[in-house]
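Student: I have a structure here, written as structure tokens, and I will follow up with some questions on it.
Read-outs: derived from the displayed coordinates by stated rules, not from any lab. Treat the numbers as computed from the prediction; the structure is a model and nothing was measured. Every residue, glycine as well, gets a Cβ built from its backbone with ideal geometry; the counts of neighbours run over all protein chains shown.
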Amino acid sequence: MTSAPLLRVRDLGVDFSTSQGVVQAVSGVSFDVRAGECLAVVGESGSGKTQVLLACLGLLASNGTARGSALFADRELIGAGERSLNAVRGTGIGLLTQDPLSSLTPHLRIETLLTEGLLDRGLATRAAARERALQALRDVEIADPESRLRQYPHELSGGMRQRVALAAALMCGPQLLFADEPTTALDVSVQARVLELLALVRSRGVGMLLVTHDLGVVAGLADRVAVMYSGRIVETATTDELFRAPKHPYTAALLAAVPRLHGVAQSRLVGIAGDPPQPSARPPGCAFAPRCGRAVDRCSDSRPELTASAEVSPLTTAQGDSMDGRAWPITAVACHRPLQDRAEIA
Ligand SMILES: Nc1ncnc2c1ncn2[C@@H]1O[C@H](COP(=O)(O)OP(=O)(O)OP(=O)(O)O)[C@@H](O)[C@H]1O
Ligand code: SF4
Ligand SMILES: [Mg+2]
């Protein structure tokens, strides 16, 4: 029996008003994240990964609008007011971004950055918040936390800043962590340490929505993966299944572009010929068709819907909640000609 999801996203869309009209950056995205589980969202630059996170937290740019539903602990986030969202940000859902320098307000000391969430919400006295900040720094293995509290973000190394940003994201004890490219800006040795810390956070029961370009990070941390292409999820599977037998040609191309799976530095998403379409100029059928070696006429005319895979092994048939009567399959692919076995994978 599976637990109810912490976060239940259904049919999420993000539109931006631009000088060229309204563009759909994200469309029809659905997934669940449960306590203690890590769902990785992967895909090339511009596929919509960050906008999914921002939409759930009500942090889209002013020209953006979110559609659909994102239920966090039975609270609807899409369309919620600032007050309601503020009650979730930090305390329910922590956010760790790619660039710790920009996520840590530069003119505030580390102590203020770490304690302001607790103090603003009246969740702790100043002394208790300071004590918690010291413990949070110890948890992310920052030496001499007392003196770090007096420093400003620019006085810390990149790796230390990301660990402080992680401490800040966890200060209010969130049930869920959104981690957007948490290791991209870091040296390889520091990446490994941050990954270990994220694994520790997850082992304490915190759910994780992890956005990354890096399939090495996925292999090391994620239980399940959602592959995004041009604003949509095109494949979702357990991490093991995805690496063992990708069904979408795009997923297979991503994996083929990785020199080896267990080498963080060597595993960026690179090397697929061609570019994804601009959101304003998607082809009418499958958005991957212009780059896909398996494309047939039908692919250019009709867009394939995400459909539960027929070859779901017993271990992966666990269905999502039935809160709206619709179970959410864990293994699904949006392709008219999905790959059937490894022999078909180029
Ligand atoms: N304010 C905006 N106005 C118009 N389009 C936007 C705006 N913000 C983002 N977009 C578009 O939304 C799409 C998805 O962007 P998003 O930031 O989610 O990509 P991503 O998958 O996170 O990419 P990366 O890996 O580079 O971070 C992109 O095409 C981007 O240009
Ligand atoms: S639907 Fe067609 S073009 Fe799209 S990924 Fe599948 S085979 Fe390729
Ligand atoms: Mg992004």
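Student: So who's got an amide H within less than 5 Å of the one on Tyr229, skipping anything under 5 residues away but keeping other chains? H placed 1.01 Å off N, in plane.
Tutor: Distant-sequence amide H within range of Tyr229: Val234.
Student: List the residues whose amide H sits under 5 Å from the amide H of Leu7, counting only those 5 or more places along or on another chain, with H placed 1.01 Å from N in the peptide plane.
Tutor: Excluding prolines and chain starts, which carry no amide H, the hits are Val33.
Student: Taking θ = phi - 60°, what integer Hz values does the Karplus form 6.51 cos²θ - 1.76 cosθ + 1.60 yield along region 89-97, in sequence order, with x for Gly and Pro?
Tutor: Working through the residues one at a time gives 4, x, 7, x, 10, x, 10, 10, 9 Hz.
Student: While we're on this one: Looking at the chain, which longest stretch skips every one of the GluC sites (Glu not before Pro) that is in a DSSP loop with at most 14 other Cβ atoms within 10 Å, leaving the sites themselves out? Please list the in-between numbers first.
Tutor: Details: sites that count: Glu141, Glu305, Glu311.
No qualifying site falls inside 142-304, the longest such stretch.
Student: Hey, could you get me the Stokes-Einstein D for the chain, Kirkwood radius over alpha-carbon pairs, 37 °C and 0.692 mPa s, rounded to whole µm² s⁻¹? List each step's numbers first, then the result.
Tutor: Values: Rh = 20.9 Å.
Value of D from the Cα-based Kirkwood radius: 157 µm²/s.
Student: For a quick check: with amide H placed at 1.01 Å from N, whose amide H comes under 5 Å from Glu181's, ignoring anything fewer than 5 positions away on the same chain?
Tutor: Counting only residues 5 or more places away or on other chains, the set is Val211, Thr212.
Student: Pick from Thr238, Thr212, Thr125: which residue has the top mean-square fluctuation in a GNM of the chain where Cα pairs under 10 Å get a spring?
Tutor: Thr125
Student: Moving on to the next point. Residue-wise, which Karplus ³J(HN,Hα) couplings in Hz belong to region 42-47, taking 6.51 cos²θ - 1.76 cosθ + 1.60, θ = phi - 60°, and x for glycine or proline?
Tutor: Result, rounded to whole Hz: 10, x, 5, 4, x, 6.
Student: Quick one: length gained pulling His107 to Gln151 fully straight, 0.36 nm per residue minus the C-alpha distance? Please report the intermediate quantities before stating the final value.
Tutor: Details: separation 44, 0.36 × 44 = 15.84 nm, distance 1.01 nm.
Fully extending the segment from His107 to Gln151 adds 14.8 nm.
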